[in-house]
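The values are calculated or read from the model by the stated rules, or taken from the named source; none is laboratory data. Computed from a predicted model, the values in this text were never measured in an experiment. Note that we place each Cβ from the backbone using ideal geometry, even for glycine, and neighbour counts take in every protein chain shown. Calculation scope for accessible area: heavy atoms of the full protein, side chains included, ligands and nucleic acids excluded. Shrake-Rupley method; radii C 1.70, N 1.55, O 1.52, S 1.80 Å.
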Amino acid sequence: MASWDPDVYALYRGYRERPALDLLTAIPRDLDPRDIWDLGCGLGEQAALLAALYPAARVRGLDSSPQMLARAKALPTRVEWVLGDIASFTPDTPADLIFSNAALQWVDGHAALIPRLASSLAPGGVLAIQMPVVEGLGWRASLLEIAAEGPWAKRLTGVEGVRAAHDPADYYAWLASLFPVIDIWTTTYLHALHGQDPIVDWTMGTTLRPYLDALPDDEKKPFLDAWRARLAVEHPRREDGVTLFPFKRLFIVARRA
């Protein structure tokens, strides 16, 4: 499991919150949940928002990072924080809403995971998921190439980064037997970022974590410099100082019969 730095992760909070809010607004308005789980709750903002939106519900936020949960516990909210792993998550009672924003890309075995989450819902319950789709994005491809070609290649062999998302049709097939209503879509956000190396700064809080954790200190800067050089060519800063950063995301909102 990659290490997490809440301060680094929060650098682009506004951009990261947009997909979470888009997911929240897609939850059926007539849902009246009594038991809610936020899986991979991170800093806790979305779990806190869920608690505010559904004041009668018991809301729990689960995350595998003690550092993230420590920050979440500082929020003025009634959410119950749980240290745990999504891969082994099994609620004690069926949930009315399982919400997961930008977390399942760190978990293997979606073909088994997604049906298991679906079966953890109460009748009429909702599964709401958002995860990055990094395949086909130039910045992701250049990162993988730098990792595989540099002097650090042996150290980075087998490093588990963000998992590849499956085709949307696969998620539909895994859910279709339990869910008469399934909404699946993708959105590509074009973030206009400022700063000297904004793509590196963004990914320092997420995608880069497993790679940096695997490298000794004296190799981290050369590795990052090599990727910066590629990004400067492939994603150059515009004359107005903005770097355009495309980021595709997959959304799933499904309601159980």
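Points worth noting:
- Filter result (in contact with a helix residue (DSSP H, G or I) (Cβ under 9 Å, 6 or more places away or on another chain) and either touching a residue at least 60 places away in the same chain (Cβ under 8 Å) or of a type in the set (G, A, S) (or both)) within region 73-94: A87
- Filter result for D96 (under 17 Å from L24 (Cβ atoms), charged (D, E, K, R), open to solvent by 20 Å² or more (accessible area, probe 1.4 Å) and not in a helix (DSSP H, G or I)): yes
- Only a single item in (1) open to solvent by less than 60 Å² (accessible area, probe 1.4 Å); (2) at pLDDT below 95; (3) among the basic types (K, R) is not met by R13, and it is number (1).
- Elements of type helices (runs of 4 or more DSSP H) in region 126-186, at least 2 residues being in contact with an Asp or Glu (Cβ under 8 Å, 6 or more places away or on another chain): 138-149
- Only one of W139, W174, W185 that is aromatic (F, W, Y) and modelled with pLDDT under 90: W139
- Residues in region 99-112 that are assigned to a helix (DSSP H, G or I) and surrounded by 14 or more Cβ atoms within 10 Å (Cβ to Cβ): L104, Q105, W106, H110.
- Among the residues of this structure, L69 counts as one that is more than 16 Å from L23 (Cβ to Cβ), in a helix (DSSP H, G or I) and either open to solvent by 70 Å² or more (accessible area, probe 1.4 Å) or touching a Phe, Trp or Tyr at 6+ places or on another chain (Cβ under 7 Å) (or both).
- Selected residue (criterion: least open to solvent (accessible area, probe 1.4 Å)) from residues of region 114-158 that are of a type in the set (D, E) and farther than 30 Å from F179 by Cβ: E145
- Residue tally, condition open to solvent by 60 Å² or more (accessible area, probe 1.4 Å) and either closer than 14 Å to A147 by Cβ or assigned to a helix (DSSP H, G or I) (or both), over region 230-257: 4
- Residue match in region 206-217 (condition: at pLDDT 90 or above, of a type in the set (K, R) and in a helix (DSSP H, G or I)): no
- Contacts under 6 angstrom Cβ, first residue in region 8-30 being under 21 Å from L104 (Cβ atoms), partner small (G, A, S) and at pLDDT 90 or above, 6 or more apart: L23/A128; I27/A128
- Hey, D38 open to solvent by 10 Å² or more (accessible area, probe 1.4 Å), of a type in the set (D, E, K, R) and touching a residue at least 12 places away in the same chain (Cβ under 8 Å) or not: no
- Of the set (1) more than 20 Å from L137 (Cα to Cα); (2) within 24 Å of the chain's Cα centre (by Cα), all apply to T186 but (1).
- Test: residue in region 42-60 that is within 18 Å of the chain's Cα centre (by Cα), farther than 17 Å from R13 by Cβ, open to solvent by 20 Å² or more (accessible area, probe 1.4 Å) and acidic (D, E): no
- Of all residues in region 82-93, at least one satisfies being within 24 Å of T25 (Cβ to Cβ) and open to solvent by less than 70 Å² (accessible area, probe 1.4 Å).
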